[in-house]
Amino acid sequence: KLDSLQVSAEDPHSAIVREVVDTLTRERVNISSAAAYHLRLFGERQQSQALTYTGRATPAEMSLTSEVAFTISDRQGRVLVGPETLSTERVYVNDRDNVVGSSQEADLLRREMRNDLSRQLLFRLSSLSESELQARERALDQSQ
């Protein structure tokens, strides 16, 4: 398990960055600019599309997709892991007669999806050890 990470992103104040930092902190990962390894997040991309339509050609079911790409690099900026992309999808019923309710449901699903992406990233990071990353660094050193 990685004990310490530097975390950065294109938009350091984005919701996905806050979610990832909160999740890592809860798991006792020290977030530090002095860490040996750097987790870089490349923006969260969200997409919404109609899956089915009513008889009046209005969307009946909507699909939400969210994804985030990341890399892990060493102090020299050499990429050791990635870029990898994590993604998640949810489907909800679009109630034409309750636009506010449908909008609130979509917002709730987006928060759940951010949480899901954060958990996926944590799971991916938990499969990496400091020794494995050090081995990848040594392999890069030897190939130069």
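Here are the numbers for the structure shown:
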read-out	value
5 angstrom amide H check on V7, placed H, neighbours 5+ away	S32, L39
Accessible-area composition of the range 46-144, carbon plus sulfur, in percent [1.4 Å probe]	47 percent
Crossing angle, helix 130-143 versus the chain [Cα axis fit, 0-90 degrees, rounded to tens]	70 degrees
From the coordinates shown, Cα extents along the principal axes in Å corresponds to which of [x] 64, 30, 24; [y] 43, 38, 30; [z] 41, 34, 29	[x]
Over the chain: helical MRE at 222 nm, DSSP H runs n ≥ 4 each giving -39500 (n - 2.57), nearest 500	-12500 deg cm²/dmol
Per residue, in Å², the accessible surface of the chain once ligands and nucleic acids are set aside, probe 1.4 Å	58 Å²
Residue of Q46, Q134, Q104 that the Gaussian network model of the chain assigns the largest fluctuation, springs spanning Cα pairs under 10 Å	Q104
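The values are calculated or read from the model by the stated rules, or taken from the named source; none is laboratory data. As the structure is a prediction and not an experimental result, all values here were calculated from the model. These accessible areas exclude ligands, DNA and RNA; they are computed on the full protein's heavy atoms, side chains included. Shrake-Rupley method; radii C 1.70, N 1.55, O 1.52, S 1.80 Å.
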